[in-house]
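Student: Sharing a structure below in structure tokens format, with a few things to ask.
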Amino acid sequence: MENVPVGKVSVEINSRYGRIKDKFMGSYGKKPDYYARASGRVNLIGEHIDYCGYSVLPMAIEQDVVIAVSSNDSGRLQLVNTNMEYGMFECDINDLSINKEKPVWHNYFLCGLKGLLEHCKVTSPKGLQCVVDGTIPKSAGLSSSSALVCCAALVTMHANGQALSKKELSDMCAHCERFIGTEGGGMDQAISFMANKGTAKLIEFNPLKSTDVELPEDVVFVISNSCVELNKAATSHFNIRVVECRLASQIIAKTKGLKWREFKRFADVQKALGLTLDEAVNVVKEILHQEPYTKEEVCGILEVTADELAQTSLSANTLDVKTFKLHDRATHVFSEANRVLQFKKTCDLKPADASVVLGNLMKDSHTSCRDLYQCSCDDLDRLVDICCQSGALGSRLTGAGWGGCAVSMVPANQVDSFIKSVTEKYYGKDDRLKEKVTENLFATQPGGGAAIYLE
Ligand SMILES: Nc1ncnc2c1ncn2[C@@H]1O[C@H](COP(=O)(O)OP(=O)(O)O)[C@@H](O)[C@H]1O
Ligand SMILES: CC(=O)N[C@H]1[C@@H](OP(=O)(O)O)O[C@H](CO)[C@H](O)[C@@H]1O
């Protein structure tokens, strides 16, 4: 079981770490004991299917969260952020409460801290003095929240002398990020810990497993931020999709004679019925009507009261949802899961037209996210169209959607003209956007995962 690596950092050479150290010295009057980092990620394909139990295909990006830390016996947690947008925070480390009503930044740190302490049954936790520095654009679908949760868990583990493997940390962080209120899958945390520089990963669940995916050498992946922000935990869009998938899987299970209460994810229903993904898409057509389902209709099919449905299938911020688009969400998930496997197979077999096949899979994924899953937005659709017009072989929203980033696969010899064209057509038209193009439009390579650094 592989553990998070421990390496060396030179604050004299690495100016960012030098600034973090200065902030630490200025805040606490001492040097940090060590630094921890956890990376953000870009999902190349496989959107909104990890919480349905299906494999996804992300890669880590170089942008990350770094936490400088010193532990003590004060019984206090002290947080300072290098970004003035986020305030300071302090609390009793033995009295951690996470208010789901307000997903303020330090609550994400508390998710990782609380999750690790509970998982390892730490009885007298070390006090922590921390400086947090993040370079991942927030609420942009690049997993800034998970990087913060994962980095906080890593700091807590190291400070309290615990030793969890990357897989244990990934599973634990996928679970404890849900303390914030969102019912996400485990993709972000898995790639943040298990990434290896130079390769994308196929992340499989139950059991958690990561496999290298060698990307074609003649293409480059470029991230472009629509600059429309949606905070997952502050809205219900995300959790409504999770519930629609859960209800669809339970109705399919019940209609096919299974004990539906035992099922929450499409992958488990597909497996129990012994279906291929193509057969599962046909079962959706056979069982679910295309029109939205009312809550009453769902209760009738499952033979439960509204209260019982709340218990078996809903979440706090989805209790008042009236209609559910079960057919379209289910069709997206099964078809997207298929596209992930086709993407991986194409990368492995390297056919002559690999980049065309991969590009088309990305385009089909965006179309499905936009039309069936309805997790895009006008600006993001416009950005994806501009990327395709600018020379991308494929382009699609990445991450939760409803804003955030697109990822484009561009021929390596056309990256400069691509960036110039997207800059003019998307960012150049808006004064608010044109100043920050370089942080919102950038080529990326598969980055490494979480690490601990000593000076
Ligand atoms: N550098 C950071 N410092 C403190 N909090 C951060 C930082 N980056 C992200 N966050 C927290 O994570 C939240 C974004 O989470 P979310 O909306 O789920 O987007 P994402 O797609 O980036 O995970 C921010 O609103 C903030 O509370
Ligand atoms: C922490 C969390 O909930 N992350 C979920 C979210 O990612 P981002 O909001 O893009 O970080 O949406 C994607 C959609 O593919 C996955 O479901 C993932 O599990």
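The values are calculated or read from the model by the stated rules, or taken from the named source; none is laboratory data. These numbers come from a predicted model, not from an experiment. Because the Cβ atoms are built from the backbone with ideal geometry, glycine has one as well, and the counts that use them run over all protein chains shown. Heavy atoms of the whole protein, side chains included, go into the accessibility calculation; ligands, DNA and RNA do not. Shrake-Rupley method; radii C 1.70, N 1.55, O 1.52, S 1.80 Å.
Student: Checking LEU288 against (1) open to solvent by 30 Å² or more (accessible area, probe 1.4 Å); (2) in contact (Cβ under 8 Å) with a residue 40 or more places away in the chain; (3) over 24 Å from the mean Cα position of the chain (by Cα), only one condition comes out false. Which one?
Tutor: Tallying (1) open to solvent by 30 Å² or more (accessible area, probe 1.4 Å); (2) in contact (Cβ under 8 Å) with a residue 40 or more places away in the chain; (3) over 24 Å from the mean Cα position of the chain (by Cα), LEU288 fails exactly one: (1).
Student: Do the conditions hold for ILE49, that is, is it more than 12 Å from ligand 1 (Cβ to nearest atom) and over 23 Å from the mean Cα position of the chain (by Cα)?
Tutor: On the way: more than 12 Å from ligand 1 (Cβ to nearest atom): yes; over 23 Å from the mean Cα position of the chain (by Cα): no.
Against the criterion (more than 12 Å from ligand 1 (Cβ to nearest atom) and over 23 Å from the mean Cα position of the chain (by Cα)), ILE49 does not qualify.
Student: Identify all residues within region 204-214 that are within 15 Å of GLY447 (Cβ to Cβ) and open to solvent by less than 30 Å² (accessible area, probe 1.4 Å); write none if there are none.
Tutor: Once the filter is applied, which keeps residues that are within 15 Å of GLY447 (Cβ to Cβ) and open to solvent by less than 30 Å² (accessible area, probe 1.4 Å), region 204-214 yields only VAL213.
Student: Applying the selection to region 402-427, what residues are closer than 26 Å to SER144 by Cβ and either part of a strand (DSSP E or B) or open to solvent by 10 Å² or more (accessible area, probe 1.4 Å) (or both)?
Tutor: Those that are closer than 26 Å to SER144 by Cβ and either part of a strand (DSSP E or B) or open to solvent by 10 Å² or more (accessible area, probe 1.4 Å) (or both): TRP402, CYS405, ALA406, VAL407, SER408, MET409, VAL410, VAL415, ILE419, THR423.
Student: Based on this model, can you work out whether ALA153 counts as open to solvent by less than 10 Å² (accessible area, probe 1.4 Å) and within 16 Å of the chain's Cα centre (by Cα)?
Tutor: Details: open to solvent by less than 10 Å² (accessible area, probe 1.4 Å): yes; within 16 Å of the chain's Cα centre (by Cα): no.
Spelling it out, it is not the case that ALA153 is open to solvent by less than 10 Å² (accessible area, probe 1.4 Å) and within 16 Å of the chain's Cα centre (by Cα).
Student: Of the conditions (1) surrounded by 13 or more Cβ atoms within 10 Å (Cβ to Cβ); (2) farther than 17 Å from SER144 by Cα, GLU90 fails just one. Which one is it?
Tutor: Result: GLU90 passes all but (1).
Student: Tell me, please, whether a residue that is open to solvent by 40 Å² or more (accessible area, probe 1.4 Å), more than 13 Å from ligand 2 (Cβ to nearest atom) and modelled with pLDDT of 95 or more can be found in region 178-195. Even if it seems obvious, please write down each step before you answer.
Tutor: Applying the first criterion (open to solvent by 40 Å² or more (accessible area, probe 1.4 Å)) to region 178-195 yields 178-179, 183.
Next, from what is left, pick out any that are more than 13 Å from ligand 2 (Cβ to nearest atom): none.
Within region 178-195, not a single residue is open to solvent by 40 Å² or more (accessible area, probe 1.4 Å), more than 13 Å from ligand 2 (Cβ to nearest atom) and modelled with pLDDT of 95 or more.
Student: Please state which one of PHE179, PHE238, PHE193 is within 16 Å of ligand 1 (Cβ to nearest atom) and over 21 Å from GLU47 (Cβ atoms).
Tutor: Values: PHE238 fails: over 21 Å from GLU47 (Cβ atoms); PHE193 fails: over 21 Å from GLU47 (Cβ atoms).
Answer to the selection: PHE179.
Student: Within region 96-113, how many residues turn out to be open to solvent by 50 Å² or more (accessible area, probe 1.4 Å) and touching a Phe, Trp or Tyr at 6+ places or on another chain (Cβ under 7 Å)?
Tutor: 0
Student: Which of the residues spanning region 356-375 are among the polar types (S, T, N, Q), at negative phi and open to solvent by 20 Å² or more (accessible area, probe 1.4 Å)? Before the answer, list the steps.
Tutor: Keep residues of region 356-375 that are among the polar types (S, T, N, Q), which gives 360, 365, 367-368, 374.
Imposing the further condition that a residue be at negative phi reduces the set to 360, 365, 367-368.
If the condition is that a residue be among the polar types (S, T, N, Q), at negative phi and open to solvent by 20 Å² or more (accessible area, probe 1.4 Å), then ASN360, THR367 are the ones that fit.
Student: If SER390 meets every condition in (1) open to solvent by 30 Å² or more (accessible area, probe 1.4 Å); (2) in contact with a helix residue (DSSP H, G or I) (Cβ under 9 Å, 6 or more places away or on another chain); (3) touching a residue at least 12 places away in the same chain (Cβ under 8 Å) apart from one, which number is that one?
Tutor: (1)
Student: Output the strands (runs of 3 or more DSSP E) that fall wholly within region 184-239 and possess 2 or more residues being within 20 Å of ALA450 (Cα to Cα) and among the hydrophobic types (A, V, I, L, M, F, W, C), or say none. It would help to see each step written out before you state the result.
Tutor: On the way: elements: 200-204, 209-213, 219-225.
The strands (runs of 3 or more DSSP E) meeting that bar are 200-204.
Student: For region 72-87, which residues satisfy the criterion of being under 15 Å from SER27 (Cβ atoms) and open to solvent by 20 Å² or more (accessible area, probe 1.4 Å)? If you could, list the steps in order and put the result at the bottom.
Tutor: Initial filter on region 72-87 (under 15 Å from SER27 (Cβ atoms)): 72, 74, 76-84, 86-87.
Within region 72-87, ASN72, SER74, ARG76, GLN78, THR82, ASN83, MET84, TYR86, GLY87 meet the criteria.
Student: For residues that are open to solvent by less than 10 Å² (accessible area, probe 1.4 Å) and not aliphatic (A, V, I, L, M), scanning just region 162-176, find the one that is nearest to ligand 1 (Cβ to nearest atom).
Tutor: The residue in question is CYS173.
Student: If we scan region 131-138, do we find a residue that is modelled with pLDDT of 95 or more, buried (at least 24 other Cβ atoms within 10 Å of the Cβ) and in contact with a Lys or Arg (Cβ under 9 Å, 6 or more places away or on another chain)?
Tutor: Scanning region 131-138, I find at least one residue that is modelled with pLDDT of 95 or more, buried (at least 24 other Cβ atoms within 10 Å of the Cβ) and in contact with a Lys or Arg (Cβ under 9 Å, 6 or more places away or on another chain), so the answer is yes.
Student: State the number of residues belonging to region 130-161 that are among the polar types (S, T, N, Q), away from ligand 1 (no atom under 15 Å from the Cβ) and assigned to a helix (DSSP H, G or I).
Tutor: Residues flagged as among the polar types (S, T, N, Q), away from ligand 1 (no atom under 15 Å from the Cβ) and assigned to a helix (DSSP H, G or I) within region 130-161 amount to 1.
Student: Against the condition closer than 17 Å to LEU230 by Cα and more than 16 Å from ligand 2 (Cβ to nearest atom), how does ASP379 come out, does it pass?
Tutor: Spelling it out, ASP379 is indeed closer than 17 Å to LEU230 by Cα and more than 16 Å from ligand 2 (Cβ to nearest atom).
Student: Anything in region 378-401 that is under 18 Å from the mean Cα position of the chain (by Cα) and in a loop (DSSP other than H, G, I, E, B)? List them, or say none.
Tutor: THR398, GLY399, ALA400, GLY401, listed by residue number.
Student: Can you tell me which residues in region 49-69 are of a type outside the set (Val, Ile, Thr) and either open to solvent by less than 10 Å² (accessible area, probe 1.4 Å) or more than 7 Å from ligand 2 (Cβ to nearest atom) (or both)? Lay out the reasoning, then the answer.
Tutor: Applying the first criterion (of a type outside the set (Val, Ile, Thr)) to region 49-69 yields 50-55, 57-60, 62-64, 68.
CYS52, GLY53, TYR54, SER55, LEU57, PRO58, MET59, ALA60, GLU62, GLN63, ASP64, ALA68, listed by residue number.
Student: Restricting attention to region 291-314, which residues are closer than 20 Å to ALA267 by Cα and either surrounded by fewer than 18 Cβ atoms within 10 Å (Cβ to Cβ) or aromatic (Phe, Trp, Tyr) (or both)?
Tutor: Keep residues of region 291-314 that are closer than 20 Å to ALA267 by Cα, which gives 302, 312-314.
Scanning region 291-314 gives a single hit, THR312.
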